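First comes the structure, then the notes that go with it.
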Amino acid sequence: MKVILLEDVKGKGKKDDIINVSDGYGNNYLIKNKLGVLYTEGSKKILDKEITKRKDEEDALITELMKVKNKLEDKNILFKVSAGKDDKVFGNISSKQIVEELKKLGFNIDKKCLKIDHNIDSLGTHKVLVELHKRVKFNINIVVSK
């Protein structure tokens, strides 16, 4: 029996995969629990339309995210801080603070999108990777000064 998976099924496949399973497993588990539907020409056409629709939506999202990337890429975000001797900053600049500064500039970016690979605890310019989508990544510069 051929089944189109509606959700990921551990050990069987991912969503939208077409798999062969025994009749009992297909009817009594996958279809009954709405984890899959019987493969037919009609269900295949619906699947193809849904995949195309999802791809178009993702392309539209990426287009919007690319606009944000073009505006923010290599932009300098300035932080004025007090520092001790050897120009060591008291505390450090957090992703929350960076997100708040970006909001002031009109960009609503989740702090989980910021990939900070080191503590921003010294004066100078620090690069921070912003990953809005797996296909949309860019750097912003965090400038820390007295």
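Just so it is clear, none of the values below were taken in a lab; they were calculated from the coordinates. Being a predicted model, the structure only gives us computed values, none of them experimental. With ideal geometry, Cβ positions are generated from the backbone for all residues, glycine too; neighbour counts draw on all protein chains shown.
Per-structure values
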| item | result |
| --- | --- |
| Under 14 Å, Cβ to Cβ, from E73 - net charge with Lys/Arg +1 and Asp/Glu -1 | +4 |
| Spatial separation of Cα centroids for the range 1-48 and the range 70-101, in angstrom | 50 |
| Projected-area average for the chain over all orientations - Cα convex hull basis, square nanometres | 12.0 |
| Debye, to nearest 20: dipole size of the range 36-91, +1 on Lys, Arg Cβ, -1 on Asp, Glu Cβ | 200 |
| Kirkwood hydrodynamic radius (C-alpha pairs) into Stokes-Einstein, the range 33-72, 25 °C and 0.890 mPa s, D in µm²/s | 199 |
| Rh by Kirkwood over Cα pairs, then Stokes-Einstein D for the range 2-64 at 1.002 mPa s and 20 °C, µm²/s | 171 |
| Estimated vicinal HN-Hα couplings, Hz - the range 65-82 in sequence order (Karplus 6.51, -1.76, 1.60; Gly, Pro = x) | 5, 5, 5, 5, 4, 4, 6, 9, 4, 6, 7, 8, 10, 9, 10, 9, 9, 9 |
| Contour minus Cα-Cα distance for K80 and E57 (0.36 nm per residue) | 4.3 nm |
| Farthest toward positive dipole pole in the chain [+1 Lys/Arg, -1 Asp/Glu at C-beta], among L6, G36, C113 | C113 |
| Cα-derived Rg over Rh, computed across the range 92-146 with Rh taken as Kirkwood radius | 0.95 |
| Ranking of I93, I62 by count of other Cβ atoms within 10 Å, fewest first | I62, I93 |
| Angle between the chain longest axis and helix 95-104 axis [Cα atoms, degrees, rounded to 10] | 90 |
| Ranked list, fewest to most other Cβ atoms within 10 Å of each Cβ, for H126, H133 | H133, H126 |
| Restraint check, K10/K45; K80/K127; K10/K134; K12/K32, Cα-Cα greater than 21 Å | K10/K45; K10/K134 |
| The chain: relative contact order in percent, alpha carbon pairs under 8 Å with at least 6 residues between | 20 |
| Surface/4 of the Cα convex hull for the range 46-109, nm² | 6.5 |
| Lys, Arg +1 and Asp, Glu -1 on Cβ, resulting dipole of the chain about Cα centre, debye, nearest 20 | 200 |
